[in-house]
Amino acid sequence: METMALKENEKIAIQEELSSLLALTRTWLLPGDEDKIKSLLNESLDQGTSQRNVFGLSTLLLGLQTAKIAVEEIGLRRDGTLAIIVNSCYNEKLANGEIANIFGEGVSHIIHGLQRVKYLYMKSPAVESENFRNLLISFAEDMRVILIMIADRVNIMRQIRDTEMEEEKQKVSEEASYLYAPLAHKLGLYKLKSELEDLSLKYLEHDAYYLIKEKLNATKRARDSYIERFIGPIDKKLREAGLVFHMKGRTKSIHSIWQKMKKQKCGFEGIYDLFAIRIILDSPVDKEKMQCWQTFSIITDMYQPNPKRMRDWLSVPKSNGYESLHITVLGPENKWVEVQIRTERMDEVAERGLAAHWRYKGVKGESGMDEWLGNIRAALESNDDLQMMDQFRMDLYEDEVFVFTPKGDLLKFPKGATILDFAYHIHSNVGNHCVGGRINGKMVPVREQLRSGDTIEILTSNAQKPKQDWLSIVKSSRAKSKIRLALKETQVKDGLYAKEMLERRFKNKKVEMEESTMSHLIKKLGFKEMSDFYKSLADEKLDPNEVIEKYVEVRNYELGNIPQGPVRSAEEFNYENPDEEYTRHNDDVLVIDRNLKGIDYQLARCCNPIYGDKIFGFVTVNGGIKVHRTDCPNAPELRRRFGYRVVKAKWSGKGSSQYAITLRVVGNDDIGIVNNITSIISKEEKIVMRSINIDSHDGLFGGILVVQLDDTSRLENLIKKLRTVKGVKQVERV
């Protein structure tokens, strides 16, 4: 954020918003609060400057606007409201502990939560992940922080309508859609949730939003007329039954209509339930259910109900406390109409209520969360009583920790997880070669435990190998299974190496090795499994020369022969170095993430990368690496949804690999043009034509060429030459 001078219209707006806010809050502010607020704001106004967000909006003005939303739409009281205002004026003096002295511990506590969340955002995490929501809750400390953040996002979405900063506007709108709207929904803030969704759609899918809006406006008169015809008879019958109520027709939100259009794959005209009729009864609490069912009976006597579309949230309310009866009946002109029946109390909960339960699917460690959230309403209604809120401050995710990758991706681990767990989460090869890590820049060993909010970086070495004691260091089942697999693979490799080495020794000593005799020897040496025997050889617990001597003894004993002389010593022969590495020829070298080579990978078929392309790696669900071009059509979606699985990759060494490349050629169908194209390709060194398909009509042709070549430089050179062919209009890589 940067500090800039306040404009005159902003100063006027600040004074107007303050007056309006004080009028709303005066009845429950403590003596002296009003003067303190005015003093704090006047101090900022006298300086004539204000901090500004990325859109250039004054944080002072935004703070007052947000506080007003929090009071009117959510019901926050003294501490929450003052925290918003003070936080918008946050300065060095307030940061040094003055907030508690001036405004009290409650306000100071909420501001501390807001600052922690601000710090969390500075890490630039992938906020669309479920893990970010969970860490956000645990970082906030106080539920009012989350409520304030929702109010703040609603306010920002209202203010950025005319901004020219499209990239920032899109980012804020996406966050509103996949983070703040679901949070508002879970808390029962349906009005704010609907506004966030509609504004997000307006900014992200402008054409769809205005198409639906214009269609709704065009059909409003007909819709209103139909509603009047529908509710007229109902109104008469309900009054005759002595019920006190009011009715209203509610048009569905633009966002919900758009979602239905996409789900049903139809146009606006294909959506028939554009509105719902809501009947709200003024009923005593002890007669609520009876009167709701009485209303249900009256309506279904008048209009034919659809039993498949009945929803009874009266007998069994939703987990978030929502209560209502929903029925769909066949109204005039044979149109299906949804009717919602509820009481004034139920409607209040439905419109502005806070959820009693907040559950994230598949997330463990929620002990205490339900109670914590379920009591928020009581805390708000009791004038923000700090003592009551104190009981809710707890370690929400006592069974889990949430940490960041260096790129800002957020990952979840069980409590007690270590650097080694993190390494194996990234990739098996990273875990197998892990020698330690950095937590927030500080070097730590592999057994260092992770803490929520830490940024983790892994250090590797090609000389490192998995160890048996690693199984006691890691906590996650994923890491344990990968270590067991690596140990097993290492054992198999070591066993094969030991077997090959022993066979070579036998051959050099001119001793023929028979399987049955070897099995006999292995049992005589005390091994139950052949793999254990070869492991002992690989670990140098057995001397190969002694094994051969004992083998000869066992063989001679079985044959009844006496050895003719001593077995020759090991010094009498030379053998190949079994540690000599086998180098793959005709293979380009690819380096993945932090200089890791030799990782199994596949080239993605969606973009067919070749040597020289700018690339990145993507960790698949089975742990393998798919290599994509950075301009792959799937790249933006992979980065947005699975950013934590994207790793760096680059070409490091040139081998002799060749790649199949598809080119699309478009041009005029001139005589001999195909011969000219194929002639150029045939003359190119190290380029092989694999196939060519030409389509020609109306004097134009389109061709698909598949050629085999070894890197991007040859590809670019070929494309340049093809473009010089007379009649060729376009050559592009598919």
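How about segment 412-452: which of its residues are hydroxyl-bearing (Ser, Thr, Tyr) and either closer than 24 Å to Ile599 by Cβ or touching a helix residue (DSSP H, G or I) at 6+ places or on another chain (Cβ under 6 Å) (or both)?
Within segment 412-452, Thr418, Tyr424, Ser428 qualify.
From the set of residues in segment 289-328 that are under 35 Å from the mean Cα position of the chain (by Cα) and of a type in the set (Gly, Ala, Ser), which is modelled with the lowest pLDDT?
Ser319
Looking at Gly653, is it modelled with pLDDT under 85 and closer than 29 Å to Asp600 by Cβ?
Yes.
Here is a list of conditions, (1) of a type in the set (A, V, I, L, M, F, W, C); (2) over 20 Å from Lys415 (Cβ atoms); (3) surrounded by fewer than 17 Cβ atoms within 10 Å (Cβ to Cβ), and Leu487 meets all of them except one; can you say which number that is?
(3)
If Asp162 satisfies all but one of (1) without any contact (Cβ under 8 Å) to a residue 12 or more places away in the chain; (2) outside any helix (DSSP H, G or I); (3) within 19 Å of Leu274 (Cβ to Cβ), what's the number of the condition it fails?
The failed condition is (3).
Can you pull out every residue in segment 642-659 that is under 26 Å from Gly408 (Cβ atoms) and out of contact with any strand residue (DSSP E or B) (no Cβ under 7 Å at 6 or more places or on another chain)?
Matches in segment 642-659: Phe642, Gly643.
Ser50 versus (1) surrounded by fewer than 19 Cβ atoms within 10 Å (Cβ to Cβ); (2) outside any helix (DSSP H, G or I); (3) among the hydroxyl-bearing types (Ser, Thr, Tyr): which is the lone unmet condition?
(1)
Would you mind stating whether Lys535 is in a loop (DSSP other than H, G, I, E, B), modelled with pLDDT under 80 and closer than 27 Å to Thr490 by Cα?
Spelling it out, it is not the case that Lys535 is in a loop (DSSP other than H, G, I, E, B), modelled with pLDDT under 80 and closer than 27 Å to Thr490 by Cα.
Just give me the residues in segment 508-522 being within 12 Å of Lys550 (Cβ to Cβ) and assigned to a helix (DSSP H, G or I), in sequence order.
Listed by number, the residues that qualify are Thr517, Met518, His520, Leu521, Ile522.
Within segment 522-534, which residues are touching a helix residue (DSSP H, G or I) at 6+ places or on another chain (Cβ under 8 Å), open to solvent by less than 80 Å² (accessible area, probe 1.4 Å) and not polar (S, T, N, Q)?
Residues satisfying the conditions are Ile522, Leu525, Phe527, Met530, Phe533, Tyr534.
What is the one condition in (1) open to solvent by less than 40 Å² (accessible area, probe 1.4 Å); (2) out of contact with any helix residue (DSSP H, G or I) (no Cβ under 6 Å at 6 or more places or on another chain); (3) modelled with pLDDT of 65 or more; (4) within 30 Å of Glu195 (Cα to Cα) that Asp370 does not satisfy?
It is condition (3) that Asp370 fails.
Only residues that are at pLDDT below 90, in a loop (DSSP other than H, G, I, E, B) and open to solvent by less than 40 Å² (accessible area, probe 1.4 Å): list them for segment 268-284, please.
Ile271, Asp273, Leu274
Among the residues of segment 291-336, which ones are in contact with a Leu (Cβ under 9 Å, 6 or more places away or on another chain), aromatic (Phe, Trp, Tyr), over 23 Å from Arg239 (Cα atoms) and in a loop (DSSP other than H, G, I, E, B)?
Residue satisfying the conditions is Trp313 alone.
Only one of Leu238, Leu179 is assigned to a helix (DSSP H, G or I), touching a residue at least 24 places away in the same chain (Cβ under 8 Å), open to solvent by less than 20 Å² (accessible area, probe 1.4 Å) and more than 25 Å from Met346 (Cβ to Cβ). Can you tell me which?
After ruling out the rest, the residue left standing is Leu179.
Can you tell me which residue is farthest from Lys7 (Cα to Cα) among those in segment 53-93 that are among the hydroxyl-bearing types (Ser, Thr, Tyr) and open to solvent by less than 30 Å² (accessible area, probe 1.4 Å)?
Filtering segment 53-93 for residues that are among the hydroxyl-bearing types (Ser, Thr, Tyr) and open to solvent by less than 30 Å² (accessible area, probe 1.4 Å), the one farthest from Lys7 (Cα to Cα) comes out as Thr81.
Any residue at all in segment 662-683 that is open to solvent by 40 Å² or more (accessible area, probe 1.4 Å), in contact (Cβ under 8 Å) with a residue 40 or more places away in the chain and among the basic types (Lys, Arg)?
Looking through segment 662-683, at least one residue is open to solvent by 40 Å² or more (accessible area, probe 1.4 Å), in contact (Cβ under 8 Å) with a residue 40 or more places away in the chain and among the basic types (Lys, Arg).
Could you tell me how many of the residues in segment 1-35 are farther than 30 Å from Tyr121 by Cα and either without any contact (Cβ under 8 Å) to a residue 12 or more places away in the chain or assigned to a helix (DSSP H, G or I) (or both)?
Adding up the residues that qualify gives 18.
The values are calculated or read from the model by the stated rules, or taken from the named source; none is laboratory data. Everything quoted here is computed from the prediction, not taken from an experiment. Cβ atoms come from the backbone with ideal geometry, glycine included; neighbour counts cover every protein chain shown. Side chains are part of the model used for accessible areas, which takes the heavy atoms of the whole protein and leaves out ligands, DNA and RNA. Shrake-Rupley method; radii C 1.70, N 1.55, O 1.52, S 1.80 Å.
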